[in-house]
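To start, the structure itself, in structure tokens.
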Number of protein chains: 2
Amino acid sequence: MSKPAIPRGTRDFSPEQMRRRNYIFDTIRSVFARYGFEQIETPTMENLSTLEGKYGEEGDKLMYRILNSGRVLDKIKEVGPNVKISDLTEKGLRYDLTVPFARFVVMNQNDIAFPFRRYQIQPVWRADNPQKGRYREFYQCDADVIGSDSLLNEVDLLSIIVDVFKLLNVGFKIKLNNRKILAGIAEVIGAPEKIIDITVAIDKLDKIGLDKVKEELRSKDLSDAAILKLEPIILLSGSNEQKLATLSDVLKSSEIGLKGIEETRSILSSFALLFPQADHVEVDITLARGLNYYTGAIIEVKANDPRSKFTSSICGGGRYDDLTGIFGLPNVSGVGISFGADRIYDVLEEAGGFPDFSTVSTRLLFVNFGEQEAAYCLNLARTMRNDGVFTEVYPDSAKMKKQMTYADKKKIPFVALVGSNEMTSGMISVKNMTSGEQHQVPAGELSSFIKNHNS
Amino acid sequence: MSKPAIPRGTRDFSPEQMRRRNYIFDTIRSVFARYGFEQIETPTMENLSTLEGKYGEEGDKLMYRILNSGRVLDKIKEVGPNVKISDLTEKGLRYDLTVPFARFVVMNQNDIAFPFRRYQIQPVWRADNPQKGRYREFYQCDADVIGSDSLLNEVDLLSIIVDVFKLLNVGFKIKLNNRKILAGIAEVIGAPEKIIDITVAIDKLDKIGLDKVKEELRSKDLSDAAILKLEPIILLSGSNEQKLATLSDVLKSSEIGLKGIEETRSILSSFALLFPQADHVEVDITLARGLNYYTGAIIEVKANDPRSKFTSSICGGGRYDDLTGIFGLPNVSGVGISFGADRIYDVLEEAGGFPDFSTVSTRLLFVNFGEQEAAYCLNLARTMRNDGVFTEVYPDSAKMKKQMTYADKKKIPFVALVGSNEMTSGMISVKNMTSGEQHQVPAGELSSFIKNHNS
């Protein structure tokens, strides 16, 4: 028999990891709900006709496909050596939550109250090369509003980001850009196909300096005139308002560019009403994530916590003007964000930011001294559980040491010792496993004793 | 473009369905936790070496397999027409929660505090023929104790069943059997290979009568002598104690049979200490689920609610003496139960048993009268959310009728109307969408007003 193992890039989660993960998921969920977002779930398997072609060539390559059940080997024999992938498979695993959401909206458009505020927390699968922090199975936590082009939706999503990371007590910085600003830049320099090269080069300013950035732009075949026009954008600095003022000047001939600036100003001013003292959002025109996908605001959140060296992206999103068009429902605008639970986990772990979960795991263990005593304890345990105290009765009348080791290993803070004396007197001996103190507690007061004593 | 669809046997879940499903999952989870069970999760994909051969021929047939990524077509060309399934796939989707749990225990045996009380709530996949109540993707909710052969574990699991269905307010009946009793019956009539045929025939007594049951047994090649011996078992009736007394007599020559009776008596007497007035458990020797798998107690729970016609199995389980042996850790006894969330959902739905979820969805919608008003409402909404009131600001200054239709469709109980008058006076007009009543509420008292008023 070979040693059991799990597939590369997948993970088991232990009880302690589950408590930590649930803490993150529950926090995100509670904030989504406060803002009127409602949960949906979609199937793990989708038809390949739903998935293929929606994530680019890379996505089609990294998608997990389900082998058709039944006569797949017969099919191969029948078709011969020119068998195609589509002869072997019709279904794939969920690759993200956005495409299934778009399909859901189209299929359920008559039952949905638009603007539809939905959230969805489910795993997705990608046959990517596993590495630190990158898995083949991982959770996404998405909130989207679909069916409204109001910028108040962007403001709600930014507020959600602030609320989530404040509740989790994780330091963060929100970067904000707008696809229309990038389109404007491309327009004024007359090189729309170069916009990615431009943002990549500009992003290096701090590291390599102005001259090298210019050099890189020249190497991408940008004309000197274009680079000259770009210079104020490369050197963009100051407050958000100063950056937007510079951009207004450079993009004054671009209608779409000015529209992007106006949208960004509107989002920032509404946001400032809600968080007048805060400094959460920074305009960053090098932010270009999902460029082919987003049509308005682009949002990215970086971890920025003094207790952790992680500065990775922990949330991102933006506005897309035609998500459901691919499934036959055109002209529906949407905007959404997605929290990366695994990366938030890493930041919190490094920062020592997880709370104490001892109140949501077993609080009290009854030691088992034999059949009679255990029967008595079973009844007491029932009362404890009904009172909301997580309680166990050790199932076997094993040696005391073994039972105490169990309590230790499971970090159970209180152990009750009920022998024949205790059964007669109704006074329960309770040991605090942290301090070692022993208390005599009347059976009827046991649950309030446990509830009122911290370990 | 073809109309979007989801694979046969899979489901999307709407917000209302999610609230109902979460209500079931949260209830089950809360009871598991009270008894000291801890949550784990295992990957969706397992190596086929972990899954194959564990669920019989049927299981291997119904298992979903993942197409190897990369050069699978090259592989087919290379191997030619005699390509095997194992050339195409190495991984499958989780088929149940028990085998992955066994693998988890073996892989993590050094970190686990035994007896290990774990629960797991995750979907599983089977390429079964979909029909009413049977899906290709469905959730299982399992609790198991592994590493203890004490019957107190069976008692804990029976208590959990009672607690869950009492909290859900679903009528139920627990059926209890023991593999050893069945082995005893097989032993005394000298036909161990016929035990399934026997239980199937006996189960028909109420429908077809004694003579027909005997006829069926004869048709299965049971001797007249064997059938004569079986007669008291076929006619088994009365209280649990009466049934066990009859069995003791019939099985008096079978050591294993008597052991099964003793175990059942012990479980029932401990259980009776906890639920002295109740009539939850019925000994039923026709219960033979998972026969090849279980070695001791066999448990099945049937819905038995006056408000619902469903009498299907809503929970089941039993003891297995060597689950982890298949992965190289022999002689570890375990016992577990599994709740069928989908069937519980069906019973609750038919019984009208779901609670009112209006407090866990949006309670208040601010109508949007324009930019100024919306900005004012955004701030108020922030306060409401911080006070725990689920709140939305309608994002567009659409026609009043459209906004009210949205509130209606989403069943939002309160709508706040904030125009320039309200902004000046600080008195908010709140409309109760059920009664139609309108109230003037000071802005500072808005959240307490909403919290204290039912819709």
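The values are calculated or read from the model by the stated rules, or taken from the named source; none is laboratory data. Please read these numbers as outputs of a predicted model, since none were measured by experiment. Cβ: placed from backbone, ideal geometry, glycine included. Neighbour counts: every protein chain shown. These area figures cover heavy atoms from the full protein model, side chains too; ligands, DNA and RNA do not enter into them. Shrake-Rupley method; radii C 1.70, N 1.55, O 1.52, S 1.80 Å.
Going through the stretch A:1-27 one residue at a time, which ones are charged (D, E, K, R), farther than 24 Å from B:ASN68 by Cα and open to solvent by 20 Å² or more (accessible area, probe 1.4 Å)?
Looking only at the stretch A:1-27, we keep the residues that are charged (D, E, K, R), and these are A:3, A:8, A:11-12, A:16, A:19-21, A:26.
Restricting the remaining residues to those that are farther than 24 Å from B:ASN68 by Cα gives A:16, A:19-21, A:26.
Selection gives A:GLU16, A:ARG19, A:ARG20, A:ASP26.
On the given criteria, is B:GLN140 touching a residue at least 40 places away in the same chain (Cβ under 8 Å), under 30 Å from A:ASN68 (Cβ atoms), more than 11 Å from every other protein chain (Cβ to nearest Cβ) and not hydroxyl-bearing (Ser, Thr, Tyr)?
So B:GLN140 passes the test.
Between a residue in the stretch B:247-264 that is within 17 Å of B:ILE234 (Cβ to Cβ) and without any contact (Cβ under 8 Å) to a residue 40 or more places away in the chain and any residue that is part of a helix (DSSP H, G or I) and open to solvent by 10 Å² or more (accessible area, probe 1.4 Å), which pairs come within a Cβ distance under 8 Å, given they are 6 or more apart or on different chains?
Within 8 Å, the pairs are B:SER248/B:LEU258; B:ASP249/B:PRO232.
Within the stretch A:402-410, does at least one residue satisfy the condition of being within 13 Å of chain B (Cβ to nearest Cβ), more than 30 Å from A:LEU168 (Cβ to Cβ), among the polar types (S, T, N, Q) and surrounded by 13 or more Cβ atoms within 10 Å (Cβ to Cβ)?
Yes, the conditions are met somewhere in the stretch A:402-410.
Sort through B:LEU67, B:LEU73 and tell me the only one that's facing chain A (nearest Cβ under 8 Å) and modelled with pLDDT under 95.
Details: B:LEU67 fails: modelled with pLDDT under 95.
The unique qualifying residue is B:LEU73.
Determine which single condition B:PHE104 fails, assuming it passes every other condition in (1) more than 22 Å from B:GLY36 (Cα to Cα); (2) of a type in the set (A, V, I, L, M, F, W, C); (3) in contact (Cβ under 8 Å) with a residue 12 or more places away in the chain.
(1)
Just the residues that are within 25 Å of A:ASP408 (Cβ to Cβ), away from chain B (no Cβ under 14 Å) and not in a helix (DSSP H, G or I), please, taken from the stretch A:315-363.
Within the stretch A:315-363, the subset within 25 Å of A:ASP408 (Cβ to Cβ) is A:349, A:352, A:354-363.
With away from chain B (no Cβ under 14 Å) added as a condition, the list becomes A:349, A:352, A:354-356.
Passing the criteria: A:GLY352, A:PHE354, A:PRO355, A:ASP356.
Can you tell me which of B:GLU373, B:GLU392 is at negative phi, within 14 Å of chain A (Cβ to nearest Cβ), outside any helix (DSSP H, G or I) and of a type in the set (Asp, Glu)? Let's see the steps before the verdict.
Working: B:GLU373 fails: outside any helix (DSSP H, G or I).
Going through B:GLU373, B:GLU392 in turn, just one is at negative phi, within 14 Å of chain A (Cβ to nearest Cβ), outside any helix (DSSP H, G or I) and of a type in the set (Asp, Glu): B:GLU392.
Does A:VAL145 count as over 28 Å from B:LEU73 (Cα atoms) and within 10 Å of another protein chain (Cβ to nearest Cβ)? Step through it out loud before you land on a result.
On the way: over 28 Å from B:LEU73 (Cα atoms): yes; within 10 Å of another protein chain (Cβ to nearest Cβ): yes.
Against the criterion (over 28 Å from B:LEU73 (Cα atoms) and within 10 Å of another protein chain (Cβ to nearest Cβ)), A:VAL145 qualifies.
So, A:LEU380, is that one open to solvent by 10 Å² or more (accessible area, probe 1.4 Å), in contact with a Leu (Cβ under 9 Å, 6 or more places away or on another chain) and more than 7 Å from chain B (Cβ to nearest Cβ) or not?
Numbers: open to solvent by 10 Å² or more (accessible area, probe 1.4 Å): yes; in contact with a Leu (Cβ under 9 Å, 6 or more places away or on another chain): yes; more than 7 Å from chain B (Cβ to nearest Cβ): yes.
Taking the combined requirement at face value, the residue satisfies it.
If you scan the stretch A:411-429, which residues turn out to be β-branched (Val, Ile, Thr) and either in contact (Cβ under 8 Å) with a residue 60 or more places away in the chain or surrounded by fewer than 19 Cβ atoms within 10 Å (Cβ to Cβ) (or both)?
Our first condition is that a residue be β-branched (Val, Ile, Thr); within the stretch A:411-429, this holds for A:412, A:415, A:418, A:424, A:428.
The one that is β-branched (Val, Ile, Thr) and either in contact (Cβ under 8 Å) with a residue 60 or more places away in the chain or surrounded by fewer than 19 Cβ atoms within 10 Å (Cβ to Cβ) (or both): A:THR424.
From A:LYS194, A:LYS175, A:LYS180, grab the single residue that is more than 14 Å from every other protein chain (Cβ to nearest Cβ) and without any contact (Cβ under 8 Å) to a residue 40 or more places away in the chain.
Details: A:LYS175 fails: without any contact (Cβ under 8 Å) to a residue 40 or more places away in the chain; A:LYS180 fails: without any contact (Cβ under 8 Å) to a residue 40 or more places away in the chain.
Just a single option satisfies the conditions, and that option is A:LYS194.
Looking only at the stretch A:297-308, how many residues end up being more than 17 Å from A:THR264 (Cβ to Cβ) and either buried (at least 23 other Cβ atoms within 10 Å of the Cβ) or touching a strand residue (DSSP E or B) at 6+ places or on another chain (Cβ under 9 Å) (or both)?
If we filter the stretch A:297-308 for residues that are more than 17 Å from A:THR264 (Cβ to Cβ), which is where we start, we get A:302-308.
From what's left, either buried (at least 23 other Cβ atoms within 10 Å of the Cβ) or touching a strand residue (DSSP E or B) at 6+ places or on another chain (Cβ under 9 Å) (or both): A:302-305.
Residues in the stretch A:297-308 being more than 17 Å from A:THR264 (Cβ to Cβ) and either buried (at least 23 other Cβ atoms within 10 Å of the Cβ) or touching a strand residue (DSSP E or B) at 6+ places or on another chain (Cβ under 9 Å) (or both): 4 in total.
Go through the stretch A:152-199 and give me each residue that's among the aromatic types (Phe, Trp, Tyr) and either touching a Lys or Arg at 6+ places or on another chain (Cβ under 9 Å) or closer than 30 Å to A:GLU231 by Cα (or both). Quick ask: steps written out before the conclusion?
Taking the stretch A:152-199 and keeping what is among the aromatic types (Phe, Trp, Tyr), we get A:165, A:172.
Answer for the stretch A:152-199, where residues must be among the aromatic types (Phe, Trp, Tyr) and either touching a Lys or Arg at 6+ places or on another chain (Cβ under 9 Å) or closer than 30 Å to A:GLU231 by Cα (or both): just A:PHE172.
Report every pair of residues separated by at least 6 positions or lying on different chains whose Cβ atoms are under 8 Å apart, first residue within the stretch A:430-455 and under 20 Å from A:LYS409 (Cα atoms), second open to solvent by less than 40 Å² (accessible area, probe 1.4 Å) and of a type in the set (Phe, Trp, Tyr).
Short answer, once both residue conditions are applied: A:VAL430/A:PHE414; A:VAL430/A:PHE449; A:LYS431/A:PHE414; A:ASN432/A:PHE414; A:MET433/A:PHE414; A:ILE450/A:PHE414; A:SER455/A:PHE414.
Looking at B:ILE112, B:ILE174, B:ILE146, which one is over 23 Å from B:GLY325 (Cα atoms) and aliphatic (A, V, I, L, M)?
After ruling out the rest, the residue left standing is B:ILE174.
Return yes when A:ASN386 is within 38 Å of the chain's Cα centre (by Cα) and farther than 26 Å from B:SER333 by Cα and no when it is not.
Values: within 38 Å of the chain's Cα centre (by Cα): yes; farther than 26 Å from B:SER333 by Cα: yes.
Against the criterion (within 38 Å of the chain's Cα centre (by Cα) and farther than 26 Å from B:SER333 by Cα), A:ASN386 qualifies.
Read through the list (1) surrounded by fewer than 19 Cβ atoms within 10 Å (Cβ to Cβ); (2) facing chain A (nearest Cβ under 7 Å), then give the number of the only condition that B:SER30 fails.
Among (1) surrounded by fewer than 19 Cβ atoms within 10 Å (Cβ to Cβ); (2) facing chain A (nearest Cβ under 7 Å), the lone unmet condition for B:SER30 is (2).
Restricted to the stretch A:333-352, and to residues that are farther than 30 Å from B:ASP396 by Cα and open to solvent by less than 20 Å² (accessible area, probe 1.4 Å), which residue is farthest from the chain's Cα centre (by Cα)?
Initially, the stretch A:333-352 is screened for residues farther than 30 Å from B:ASP396 by Cα, giving A:341-352.
If we keep only those that are open to solvent by less than 20 Å² (accessible area, probe 1.4 Å) as well, we get A:341-342, A:344, A:347-348, A:351.
Numbers: A:ALA341: 4, A:ASP342: 7, A:ILE344: 7, A:VAL347: 12, A:LEU348: 13, A:ALA351: 18 Å.
Among them, the one singled out is A:ALA351.
Is at least one residue of the stretch A:145-163 in contact with a strand residue (DSSP E or B) (Cβ under 9 Å, 6 or more places away or on another chain), more than 25 Å from A:PHE101 (Cα to Cα), of a type in the set (Gly, Ala, Ser) and open to solvent by 10 Å² or more (accessible area, probe 1.4 Å)?
no
Within the stretch B:76-114, restricting attention to residues that are at the interface with chain A (Cβ under 8 Å from one of its Cβ atoms) and closer than 30 Å to A:LYS402 by Cβ, which residue is surrounded by the fewest Cβ atoms within 10 Å (Cβ to Cβ)?
B:ASP111
What are the residues in the stretch B:1-27 that are assigned to a helix (DSSP H, G or I), without any contact (Cβ under 8 Å) to a residue 24 or more places away in the chain and within 7 Å of chain A (Cβ to nearest Cβ), if any? If you could, list the steps in order and put the result at the bottom.
Keep residues of the stretch B:1-27 that are assigned to a helix (DSSP H, G or I), which gives B:15-27.
Adding the requirement that they be without any contact (Cβ under 8 Å) to a residue 24 or more places away in the chain leaves B:17-18, B:22, B:26.
Residue satisfying the conditions is B:MET18 alone.
I'm checking my understanding of the structure. Among residues of the stretch B:237-262 that are more than 14 Å from chain A (Cβ to nearest Cβ) and among the acidic types (Asp, Glu), which one is nearest to the chain's Cα centre (by Cα)?
Restricting attention to the stretch B:237-262, the residues satisfying the condition of being more than 14 Å from chain A (Cβ to nearest Cβ) are B:237-261.
From what's left, among the acidic types (Asp, Glu): B:241, B:249, B:255.
Values: B:GLU241: 30, B:ASP249: 37, B:GLU255: 35 Å.
The residue in question is B:GLU241.
Consider the stretch B:33-60. How many of its residues are part of a loop (DSSP other than H, G, I, E, B) and either facing chain A (nearest Cβ under 7 Å) or within 30 Å of A:THR362 (Cα to Cα) (or both)? Write out each step before concluding.
Just the residues of the stretch B:33-60 that are part of a loop (DSSP other than H, G, I, E, B), to begin with: B:35-37, B:40, B:42-44, B:52-55.
From what's left, either facing chain A (nearest Cβ under 7 Å) or within 30 Å of A:THR362 (Cα to Cα) (or both): B:35-37, B:40, B:42-44.
So the count comes out to 7.
Here is a yes/no grid of residues against (1) of a type in the set (D, E, K, R); (2) without any contact (Cβ under 8 Å) to a residue 40 or more places away in the chain:
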{"site": "B:GLY316", "(1), (2)": "no, yes"}
{"site": "B:THR324", "(1), (2)": "no, no"}
{"site": "B:PHE327", "(1), (2)": "no, no"}
{"site": "B:PRO330", "(1), (2)": "no, yes"}
{"site": "B:ARG343", "(1), (2)": "yes, no"}
{"site": "B:PRO355", "(1), (2)": "no, no"}
{"site": "B:GLN372", "(1), (2)": "no, no"}
{"site": "B:MET384", "(1), (2)": "no, no"}
